[in-house]
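> Before we start, here is the structure in question, set down as structure tokens.
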Protein chains: 2
Amino acid sequence: MKLGFIGLGAMGRPMAENLLRAGHELTVWARRPDAAAPLLKAGARYAETPAALARHADVVFIAVTASADVEQVVLGAQGLSEGARPGAVIVDHSTIAPAVARAVAARLARREIDFLDAPVSGGAGGARSATLAIMVGGAASALERVRPLLAVLGRTIVHVGDCGAGQVAKACNQMIMVAGIAAVAEAARLAAAHGLDFGRVRAALAAGSAGSRVLDVFGDRMARRDFAAGVAARLHHKDYGIFMAEAARLGAPLPVAAQVWQQLNALMARGFCDDDTSSLLKVLEA
Amino acid sequence: MKLGFIGLGAMGRPMAENLLRAGHELTVWARRPDAAAPLLKAGARYAETPAALARHADVVFIAVTASADVEQVVLGAQGLSEGARPGAVIVDHSTIAPAVARAVAARLARREIDFLDAPVSGGAGGARSATLAIMVGGAASALERVRPLLAVLGRTIVHVGDCGAGQVAKACNQMIMVAGIAAVAEAARLAAAHGLDFGRVRAALAAGSAGSRVLDVFGDRMARRDFAAGVAARLHHKDYGIFMAEAARLGAPLPVAAQVWQQLNALMARGFCDDDTSSLLKVLEA
């Protein structure tokens, strides 16, 4: 199938590589063209604009950072919507506001272009190993058309609901995950206050009711005091900003998430923007 | 081996039954003697006081509720310390303050009685199926003597450190677990505000970076709106009270746990004391 991929960062590049490796004809575009070099070497073509990319693609994937980035590459000048043919499907893997996903989808629907919000969980490692969890919002018929392609990118693909539902699920994912990191950091802080080695505490907890991927991955980083980023903390801070604003708009009380958000603010203020979110432990230390 | 068991509630009774089934000679005591009836039927003996129970036991297990309960059965009138022989081991499975565990251990050490704090995680189900995670603080030599007995009760046995270290690990376990429940409840609330079915959101999250036992078990209860207690919420509220007081004493900042604690206070105020802690979702609803 003729595919397009926009956004070739830590997530997008390995995802695009997996599509190319699966034998698809791939055209790519990135804000910084040099990001495309490894893919061009592997056989992808480069398009000068998102519109040009869309002109020849049956399905276009997006993996950029923020709501404004998605609006720009889809609806901006020389954006996807100027080039995409009726019947095309645009799959957005970025983590953005559900309301923006719904608005973009509505604009594209007028031109008979399907839009799926399909944010992912699993990080750059999951993107490389094609083990991402993909949370999809939008028309079930559009999802069925692209499902074989998504199966190249991830291990679980769940249709959560209508447009925006994928983004809501991703918001829930980030809220739970980062709250978990914050709780593990506080446990590590309490253990240290008692003079205990957190590595042994973590080992005791792993098999019990507090066991989680967060405890395994981030708890281990804290125990080893390895704060090099898996995902940069500023991205989790960005994600919290999105759904805390949504919660305010909807009148949904999120007291624990609000406290976690303040800890992420402290993390940014301390300058740990590009470090791992396990650095939340350092905010609790002198 | 000659064993004693004190405290025959939701946790203690199935644990005592597993020891009896493994072929040990078991004497039991409970504050309410009728709690012992099923065990006596199965072959256990009844002692009139903890002191009498200790007189013939090589190892005594305790599974009661609070710090004061442990102090009473060990150090009170007709308590274990009056009857236990030098060389005996007392294993306390209750969840209590680390400082109390250390104080009780110090008192018993004068009489050459070993005390291990060995709180467990896994709930009544884990107690029945002997799959508990057991977190042990105290002398390694004492742990090695009772390890074959603990292996009858649980699946993982981790020596976390000196006296009190098991209780610190349990505090970390409860902090992380209940913070997780609170975060899942807020995710369910946010999903509902967006008009989504939380069951589908949960399914999308299970395989990703937010995956955990809490999401599996408590998330499922919230999705099905089944708030019947696994463990009564008042026990989690009690556990939070213990380590929040310890954190204040030690000067360890626990901002997220502090917020979770307030939500547990709200849960108590709403009268959900004996319901499941997944009821934290109801506190967020109108």
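Laboratory data are not the source of any read-out in this text; all were calculated from the coordinates shown. Not measured: the values here are computed from a predicted model. Here the Cβ is made from the backbone with ideal geometry for all residues, glycine too, and neighbour counts use every protein chain on show.
> Could you give me the percent of Cα pairs per 5 Å distance bin for the range A:32-94, shortest bin first, beginning at zero and ending with the bin that holds the maximum distance?
Spelled out bin by bin, the range A:32-94 gives 4, 18, 25, 28, 19, 6, 0 percent.
> Distance from the Cα centre of the range B:21-41 to that of the range A:91-160, in angstrom?
For the range B:21-41 versus the range A:91-160, the Cα centre distance is 57 Å.
> If contacts are Cα pairs under 8 angstrom and at least 6 residues apart, what is the relative contact order of the range B:168-285 in percent?
38
> Within the range A:1-60, report the GluC sites (Glu not before Pro) that DSSP leaves as loop and that have at most 15 other Cβ atoms within 10 Å.
Hits after loop and neighbour filter: A:E48.
> Taking the Cβ of each residue in B:L53, B:L132, B:L20 as the centre, tally the other Cβ atoms inside 10 Å and list the residues starting with the fewest.
B:L20, B:L53, B:L132
> Based on the alpha-carbon gyration tensor of the range A:243-286, what equivalent-ellipsoid semi-axes (square roots of 5 times the eigenvalues) come out, in whole Å, largest first?
After diagonalising the Cα gyration tensor, the semi-axes are 24, 11, 7 Å.
> Explain nothing, just the number: dipole magnitude of chain B about its Cα centre with +1 on each Lys and Arg Cβ and -1 on each Asp and Glu Cβ, in debye rounded to the nearest 20.
Magnitude of the dipole: close to 260 debye.
> Quote the charge dipole size of the protein assembly as shown about the Cα centre in Debye, to the nearest 20; the model charges only the Cβ of Lys and Arg (+1) and of Asp and Glu (-1).
400
> Based on C-alpha coordinates, I'd like the Rg and Dmax of chain A, in Å.
Looking at chain A, its Cα Rg and Dmax stand at 19.9, 64 Å.
> I would also like to ask the following. Would you compute, from DSSP H runs of 4+ residues alone, the mean residue ellipticity of the protein assembly as shown at 222 nm, taking -39500 (n - 2.57) per run and dividing by the full residue count, rounded to the nearest 500?
Only helices count here, giving -16000 deg cm²/dmol.
> Continuing with this model, one more query. With the label 7 angstrom out along Cα to Cβ, how close does B:E71 come to the same site in each of the other copies, in nm, nearest first?
In nanometres, ordered from closest: 6.1.
> Now for a separate question. Any idea what log10 I(q)/I(0) is at q = 0.11, 0.13, 0.20 Å⁻¹ for the range A:1-111, Debye with uniform C-alpha scatterers and no solvent?
Per q value, in the given order, log10 I(q)/I(0) is -0.29, -0.41, -1.00.
> Rounded to a whole number of µm²/s, how large is the Stokes-Einstein D of the range B:110-159 at 37 °C and 0.692 mPa s, given Rh as the Kirkwood radius over C-alpha pairs? Intermediate values should be presented prior to the final figure.
Values: Rh = 11.2 Å.
For these conditions, the coefficient is 294 µm²/s.
> Using only the alpha carbons of the protein assembly as shown, what is the convex hull's orientation-averaged projected area in square nanometres? Intermediate results must be reported in sequence, preceding the final value.
Values: hull surface 107.8 nm².
About 26.9 nm², averaged over all directions.
> Over chain B, what relative contact order in percent results from Cα pairs under 8 Å that are six or more residues apart? Mind showing how you got there, number by number?
On the way: 522 pairs, mean separation 38.3, N = 286.
Rounded, it is 13 percent for chain B.
> State, to one decimal in nm and shortest first, how far the label point of A:A22 sits from each corresponding label point in the other identical copies (label point: 7 angstrom along Cα-to-Cβ).
Its label point is 5.0 nm from the equivalent points in the other copies.
> For the range A:2-161, what does the relative contact order come out to in percent, with C-alpha contacts under 8 Å and a separation of six or more?
It comes to 20 percent, rounded to a whole number.
> Relative to the compact-globule scaling 2.2 N^0.38 Å, provide the ratio for the alpha-carbon radius of gyration of the range B:168-285.
Values: Rg = 14.1 Å, N = 118, 2.2 N^0.38 = 13.5 Å.
Relative to the rule-of-thumb radius for its length, the range B:168-285 sits at 1.05.
> Work the Kirkwood hydrodynamic radius out for the range B:139-182: mean of 1/r over every pair of different alpha-carbon atoms, inverted, in Å.
Values: mean 1/r = 0.0842 Å⁻¹.
About 11.9 Å, per the Kirkwood formula over Cα pairs.
> State, to one decimal in nm and shortest first, how far the label point of A:S129 sits from each corresponding label point in the other identical copies (label point: 7 angstrom along Cα-to-Cβ).
2.5
> Another question, if that's okay. If I require 27 Å or longer along the helix axis, counting alpha carbons, and a Kyte-Doolittle average no lower than -0.5, what helices from chain A are left? Use full DSSP H segments.
Those that pass (Cα extent of 27 Å or more, hydropathy at least -0.5) are A:165-193.
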